[in-house]
Structures are given as C-alpha cells and as structure tokens.
Amino acid sequence: VQLQAFGGGLVQAGGFLRLSCAASGRTFSSYVMGWFRQAPGKGREFVAAVSRSGSSTNYADSVKGRFTISRDNAKNTGSLQLNSLRPEDTAVYYCAASTYLTVYTQSLKYDYWGQGTLVTVSS
C-alpha cells in the first residue's frame, strides 16, 4: 500500500488542523493505521492509531483529548484532527499502515509509511 499524508501547515497555538492520509494499492481496510510525528532533533514518536474497522483507537497521553483519529475505508483515507495545538506539537507528521491486527504504538510494527507533512505551531 502507498500512503500520502497532507494537510500540514502553520497555525497559532490554540488553533487546529486536519491531516489526511490517502492510501492506494491494497485494500486500505486490511491495515491498522497510525500517525507518528518527529520533532526537530528528536526521535519519531507515536501519536495515534486506529483499528482496521475503525472501532478501536489508541492515543499518546500527550494528545489525548485534543487529537482525534478516524478512517473512511470506503474512500481509502484516514484523518487526524488536531485541536488545541501547542508549540510542542510542532513536528513532521507521518501516517503509517500496519499488517498486524493489534493497534500497536511501536513504529517497528508499521510496515508502510507516507512521506510526512509538516505541522508548525507558533506561540
């Protein structure tokens, strides 16, 4: 499966963005979908993930209550709604797909990655 993330941009603290991930190739519903981010000078970290059907989600503690992950298997797309953004949310955000059934938080469990989209939050 090929993934393409888009929707990043520059936003003020307290603002919002909606990231999207377009999938092509194999059936999108065959994969758990996750979002990860990498801030300048830091390692890649888990943000959120959603099960194949969309019925189960998992979030990093740092984004719980502010970010919402969703997917539309009919349209082969996934989304990450980012609300109440903070400067520390500044990072390149990647969507990823996993062939495992479990909604993992570890990046090593994800087999396919999009190219990333930059989110910059100004204070």
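The values are calculated or read from the model by the stated rules, or taken from the named source; none is laboratory data. Predicted model, so just to flag it, every value in this text is computed and none were measured. Here the Cβ is made from the backbone with ideal geometry for all residues, glycine too, and neighbour counts use every protein chain on show. With ligands, DNA and RNA removed, areas are computed over all heavy atoms of the protein, side chains included. Shrake-Rupley method; radii C 1.70, N 1.55, O 1.52, S 1.80 Å.
Structure notes:
- Of the residues making up the range 43-60, those that are in contact (Cβ under 8 Å) with a residue 12 or more places away in the chain and open to solvent by 60 Å² or more (accessible area, probe 1.4 Å) number 5.
- Residue count for the range 105-119, restricted to those that are assigned to a loop (DSSP other than H, G, I, E, B) and at negative phi: 6.
- Which listed residue is buried (at least 20 other Cβ atoms within 10 Å of the Cβ) and within 21 Å of residue 66 (Cβ to Cβ), from 39, 23, 13, 5: 5
- Count - residues of the range 76-96 that are within 14 Å of residue 18 (Cβ to Cβ), open to solvent by 20 Å² or more (accessible area, probe 1.4 Å) and of a type in the set (D, E, K, R): 0
- Meets criteria (at pLDDT 95 or above, within 17 Å of residue 3 (Cβ to Cβ) and open to solvent by 40 Å² or more (accessible area, probe 1.4 Å)) for residue 73: yes
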